[in-house]
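Take a look at the structure below.
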Amino acid sequence: MLTSENHVLQIGPLKPSLAETLRTDYHAYALPNGDQREAFLAEHAAEVTAIVVSGVTRVDPDLMAALPNLKAVVNFGVGYDNIDVEAATARGIGVSNTPDVLDDCVADTAVGLLIDTMRQFSAADRYLRAGRWAAEGNYPLTQHVSGSSVGILGLGRIGGAIATRLSAFGCAISYHNRRQIPGSPYTYVDSPVGLARLVRVLVVAAAGGSGTRHLVNREVLDALGADGYLINIARGSVIDQDALVEALTHGRLAGAGLDVFADEPNVPAALKPLDNVVLLPHVGSGTVETRAAMEALVLANLDKFLQSGELVTPVR
Ligand code: 8YV
């Protein structure tokens, strides 16, 4: 329950309607930046028991230490590599995320990005708008999507939704996970490089964080090869971005569709002129419906915590 000793704190930017609800219905504080931060913490730190944050803002041990009565970190987003969960667990702080409600939306994005990358629809659109259809004739031929062999790195809930969609396109699906999934209809491959060697298109759907950092390295990109395509809707950290840029600019990879980057919102300048690369500004879950469902799940987690100290969707 919300008492004067039991306050909610917004850290960093949030969906405007969520920030508004927190302010009006929960009388939440928002952590100021710069000079005002110290003064705010000196006055209010001990009152804060829950924070609400989105995937773009870090929650590190220093912040947790500055909030001595913090008991819950409620994250807007399924990925929680922005939060030091180990440090939170050690302090008895629960962490929640927003699983399930965005699976379909992110899987739609992955398939759209895959088709756009292989068929170059974005580039063809630019070609038309620049008057080149009329001036130069038909757009060059592109690559066939249906029936391609596709490898999914990380066959979790989102990876599974991507596999279901691509099965309907007649694609042969293989995957690599830390563990083989019993009963899965898809072919298991025991390493990322083995998966890349087997398929034409590698779709990255693994969670971010230290355990998956640079799982797609130069060796994996080379195994995918000059006819191969890479799609990433997960986290930029899963790919060695410098190695990817080098492979793309040297023709050692056929193309890439990227919704996430190593240092968002910065995107390597070398990728922007390439028509075989589709670049999206992290819009994977960005529909009205899905963001509303994520917002509702954030508030459900917060309400449950304030009533019982428990979370609806704790991360572990
Ligand atoms: C969000 C995401 O854009 O859920 C995630 O992990 O990456 C996206 O759905 C992001 O978390 C919002 O900050």
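The values are calculated or read from the model by the stated rules, or taken from the named source; none is laboratory data. Note that the structure is a prediction, hence the values are computed from the model and not measured. Quick reminder, even Gly has a Cβ in these numbers, built from the backbone with ideal geometry, and neighbours come from all protein chains shown. Quick note on the areas: whole protein, heavy atoms, side chains included, nothing else; ligands and nucleic acids left out. Shrake-Rupley method; radii C 1.70, N 1.55, O 1.52, S 1.80 Å.
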(request) Tell me which of these Val101 doesn't satisfy, since it passes every other one: (1) within 19 Å of Ala300 (Cβ to Cβ); (2) within 16 Å of the ligand (Cβ to nearest atom); (3) β-branched (Val, Ile, Thr); (4) open to solvent by less than 40 Å² (accessible area, probe 1.4 Å). (result) (4)
(message) Whether any residue in the stretch 224-232 is in a helix (DSSP H, G or I), within 16 Å of the ligand (Cβ to nearest atom) and on the phi < 0 side of the Ramachandran plot is what I want to check.
(response) no
(message) Quick check on the stretch 172-181. Is at least one of its residues in contact with a Lys or Arg (Cβ under 9 Å, 6 or more places away or on another chain), among the aliphatic types (A, V, I, L, M) and assigned by the TED database to the domain that holds Gly228?
(response) no
(request) Scan Leu299, Leu253, Leu274 and give me the residue that is more than 15 Å from the ligand (Cβ to nearest atom), part of a loop (DSSP other than H, G, I, E, B) and either open to solvent by less than 30 Å² (accessible area, probe 1.4 Å) or not assigned by the TED database to the domain that holds Val150 (or both). (result) Leu253
